[in-house]
Amino acid sequence: MNKLAILLIISIILLSGCVSTISPVNPEDITVKIAPLMMKEFQEKDISVSVSNNATEAIDSVKVSSMDPFTVLSAGNVNIPARTNEDQATVTLNTKVQAPGFKEITNTTTLTLSYASGKDDKGAPVIKTKAVPVQTTVLPNAMLQFVGFVKGIQNITEAEVTTWTIGKGDNATITFSVKNEGRTTIDENSLKVFIDVAEKRIGTNKTVPVKEAMAKGGTSYTLGVELPILKNAPNGETDVVVKLLDNEGHELDSKTLTLKVKL
């Protein structure tokens with residue numbers, strides 16, 4: 001075949017618009033790491049995703065495309081160079097997500113990463129995805145209210161105070177209630193209040209179940225809990241931490257009170 005014929009074939013190929021395809025980076029060559037995620041329902045949170053490229057080609061427009069049932073509110077967009085020698089190219093991708101209702105979530109959620117790599121037969125970048133599991137916990141948005149010391153059980157509707165002085169062998173009374181600040185109904189007996197006395201020689205801990213169901217904006221009854229002070233308690237003060245927990249032991253809220261034992 002003479003040179004003229006070869007040039008003619010090449011010109012026909014170019015005029016036809018044919019472009020060679022370039023294989024994209026395989027998702028198996030990309031490593032994604034994200035810490036376990038815990039947040040209250042419908043809370044917004046910035047999360048960091050570590051992405052490493054172990055391929056010999058760069059990847060572009062890397063971002064978090066979905067994390068159902070979480071909502072991706074904003075997603076960073078980065079390019080990651082190819083691996084050099086034995087070192088992976090690693091970047092941190094920042095993304096803001098919003099949690100769903102706490103009853104909509106399971107312990108594991110799938111985060112999907114998208115990236116551009118390679119070329120199709122029209123010369124356009126190929127969009128690929130990488131899916132990874134994320135350990136997730138979504139909590140009810142419940143809060144403690146009206147937490148403090150009062151004179152006695154019969155005084156639980158009185159104004160509460162955060163510091164109380166008491167004698168040895170007497171009973172300290174702590175009052176509290178719970179409010180659902182979220183949108184999902186909290187079932188009865190699914191929360192509890194744990195009263196933690198830091199100095200165990202002064203008093204012992206107590207746990208009280210929250211028996212009421214609470215829809216959006218709902219509250220529990222205001223309760224008073226007696227905390228016996230030991231007769232041989234040392235004088236001085238101790239923190240008393242009132243914690244609101246779910247039945248799995250996750251802390252939803254806490255308030256710290258100060259109890260002073262006098263001689």
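Quick check on Lys192: is it closer than 30 Å to Pro100 by Cβ, open to solvent by 20 Å² or more (accessible area, probe 1.4 Å) and touching a Ser or Thr at 6+ places or on another chain (Cβ under 7 Å)? Yes, satisfied. In the set Ala215, Ala142, Ala159, Ala172, only one residue is more than 34 Å from the chain's Cα centre (by Cα) and either among the acidic types (Asp, Glu) or over 16 Å from Asp239 (Cα atoms) (or both); that residue is Ala159. Taking the range 206-242 as the range and being open to solvent by 50 Å² or more (accessible area, probe 1.4 Å), of a type outside the set (Val, Ile, Thr), within 14 Å of Ala142 (Cβ to Cβ) and not in a loop (DSSP other than H, G, I, E, B) as the test, only Pro209 passes. Quick check, is Lys128 farther than 30 Å from Leu252 by Cα, in contact with a Phe, Trp or Tyr (Cβ under 7 Å, 6 or more places away or on another chain) and touching a residue at least 40 places away in the same chain (Cβ under 8 Å)? Considered against the rule, which asks whether it is farther than 30 Å from Leu252 by Cα, in contact with a Phe, Trp or Tyr (Cβ under 7 Å, 6 or more places away or on another chain) and touching a residue at least 40 places away in the same chain (Cβ under 8 Å), Lys128 comes out as yes. Residues in the range 34-59 that are in a loop (DSSP other than H, G, I, E, B), open to solvent by 40 Å² or more (accessible area, probe 1.4 Å) and more than 30 Å from Lys119 (Cβ to Cβ): Ala35, Pro36, Phe42, Gln43. Would you check if there is a residue in the range 224-237 being within 26 Å of Met39 (Cα to Cα), touching a strand residue (DSSP E or B) at 6+ places or on another chain (Cβ under 7 Å) and touching a residue at least 12 places away in the same chain (Cβ under 8 Å)? The answer is no; no qualifying residue exists. When only residues in the range 243-255 that are touching a residue at least 40 places away in the same chain (Cβ under 8 Å) and part of a strand (DSSP E or B) count, which is surrounded by the fewest Cβ atoms within 10 Å (Cβ to Cβ)? Looking at the filtered set, the residue picked out is Ser254. Just to be sure I understand the filter: pairs with C-beta atoms under 6 Å, separated by 6 or more residues or on different chains, first member in the range 100-117 and buried (at least 16 other Cβ atoms within 10 Å of the Cβ), second member of a type in the set (Asp, Glu). Which pairs pass? Final answer for the pair search is Gly101/Glu41; Phe102/Glu41; Ala116/Asp60.
The values are calculated or read from the model by the stated rules, or taken from the named source; none is laboratory data. All of these numbers come straight from a predicted model, not from anything done at the bench. With ideal geometry, Cβ positions are generated from the backbone for all residues, glycine too; neighbour counts draw on all protein chains shown. The accessibility values were calculated without ligands, DNA or RNA, using every heavy atom of the protein model including side chains. Shrake-Rupley method; radii C 1.70, N 1.55, O 1.52, S 1.80 Å.
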